[in-house]
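Read through the structure below, which is laid out as structure tokens, and then see the notes.
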Amino acid sequence: MANTPLLKVDSVGIQFGGLKAVSGVNVELYHGELVGLIGPNGAGKTTFFNLLTGVYVPTEGHIFLNDEKLNGLVPYQITRKGISRTFQNIRLFGDLSVLDNVKVAYHSLAKHSIVSSILRLPSHFSGEREMEKKAIEFLKIFKLDKLKDEMAKNLPYGQQRRLEIARALAAHPKLLLLDEPAAGMNPQETKELMELIAFIRKEFNLTILLIEHDMPLVMGVCERIYVLDHGQLIAHGSPEEIRNNPKVIEAYLGEEVL
Ligand SMILES: Nc1ncnc2c1ncn2[C@@H]1O[C@H](COP(=O)(O)OP(=O)(O)OP(=O)(O)O)[C@@H](O)[C@H]1O
């Protein structure tokens with residue numbers, strides 16, 4: 001573990017009217033970690049992802065990626081800095097092909113200019129070819145290459161979830177935020193997804209923050225876990241520490257998830 005965190009979240013919060021959806025949250029993620037973010041419904045997990053990705057601007061605190069402050073940057077700028085995400089409710093371009101969904105992510109990083117694209121200069125075509133090649137390589141990893149011409153909306157649910165991760169990865173993130181990636185999957189699909197997440201973490205040298213309601217899954221794959229409740233961090237530690245933490249047990253009282 002390196003000494004400088006990849007992501008440093010310093011007393012971050014956001015208020016919507018009278019509601020403090022996230023408040024005074026401190027999180028540090030180090031290169032290569034796979035970390036869980038858990039908490040009961042409405043705890044503020046997705047709002048926290050929205051703060052990290054520039055969807056919301058924090059009303060308190062600071063966010064740093066590799067010591068660079070992210071507050072005030074808009075989502076596409078944050079993607080370029082190295083944070084990609086998936087969504088709790090899958091957000092693909094349903095009427096685009098599987099391949100185009102991944103290529104869209106490459107376009108956000110494309111080096112060839114708008115001028116070269118409008119004028120159809122050679123650099124535009126070589127850029128497009130290169131993008132297509134890379135996009136297909138990604139699809140292979142996710143076993144989606146044979147479906148590259150299929151419309152995204154026609155894929156079964158589990159494959160749509162995998163495609164969303166492939167698209168997030170295509171933006172070359174340093175930090176990947178996964179919002180309930182296994183939601184709606186059957187146990188076999190979930191197992192395969194977790195193996196895939198472990199694989200891409202190594203292969204692409206990623207740091208991953210994972211929101212997940214499936215406790216055995218989070219406890220099984222994450223090295224460390226942060227717990228949010230009513231917008232505040234109530235605990236963080238190893239899966240074992242979290243499982244036995246009285247505050248966490250109380251927050252989940254009656255849910256029999258731990
Ligand atoms: N744009 C917004 N305006 C007002 N309130 C909001 C907004 N976004 C989120 N909230 C509120 O913030 C709180 C936290 O919601 P959030 O979706 O982050 O929780 P969560 O932990 O992701 O929940 P779940 O596990 O159910 O997805 C909720 O009370 C929610 O209604």
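On average, how much accessible surface per residue is there in the chain, in Å², for a 1.4 Å probe, leaving out ligands, DNA and RNA?
Values: 12760 Å² over 258 residues.
Here the residues of the chain average 49 Å² of exposed surface.
So, in nm, how far is label residue 87 from label residue 26 when the simple model puts each one 7 Å beyond its Cα toward the Cβ?
Distance between the two pseudo-spin positions: 3.4 nm.
Measure off, as a whole percent, the carbon and sulfur share of the 1.4 Å-probe accessible area of the chain, all protein chains present.
Its accessible area is 52 percent carbon and sulfur atoms.
Given a cut-off of 27 Å, name the pairs among 45/148; 133/202; 20/247 whose C-alpha atoms lie farther apart than that in the structure shown.
45/148
Need one word for the stretch 165-258: rounded, prolate or oblate. Basis is the Cα gyration tensor (sqrt eigenvalues a ≥ b ≥ c); a/c below 1.5 gives rounded, then a/b vs b/c decides.
It comes out prolate by the Cα gyration axes.
Dividing the Cα radius of gyration by the Kirkwood radius, what Rg/Rh value follows for the stretch 1-94?
Looking at the stretch 1-94, the ratio lands at 0.96.
Under a Cβ-only charge scheme (Lys and Arg +1, Asp and Glu -1), can you give me the dipole magnitude of the chain about the Cα centre, in debye to the nearest 20?
Dipole of the chain, to the nearest 20 debye: 920 debye.
Hey, rough spin-label estimate for residue 11 and residue 243, points 7 angstrom out along Cα→Cβ, what's it come to in nanometres?
3.6
Could you calculate the contour length gain from residue 203 to residue 186, that is, 0.36 nm times the residue separation minus the distance between their Cα atoms, to one decimal place in nm?
3.6 nm
Using only protein heavy atoms and a 1.4 Å probe, report how much of residue 84 is accessible, in Å² to the nearest 10.
Near enough 10 Å² of accessible area.
Using the 2.2 N^0.38 Å rule of thumb for compact globular proteins, work out how the chain stacks up: its C-alpha Rg over that value, please.
Cα-based Rg divided by the globular estimate yields 1.04.
Set the Förster distance to 30 Å, then compute FRET efficiency between residue 3 and residue 96 from the Cβ-Cβ distance, nearest 0.05.
Here the calculated transfer efficiency is 0.10.
The values are calculated or read from the model by the stated rules, or taken from the named source; none is laboratory data. Since the structure is predicted, the reported quantities are computational estimates derived from the model, not experimental observations. A quick note on method: Cβ atoms are made from the backbone with ideal geometry, for glycine too, and the neighbour counts reach across all protein chains shown. Surface accessibility is based on the protein's heavy atoms, side chains included, excluding ligands, DNA and RNA. Shrake-Rupley method; radii C 1.70, N 1.55, O 1.52, S 1.80 Å.
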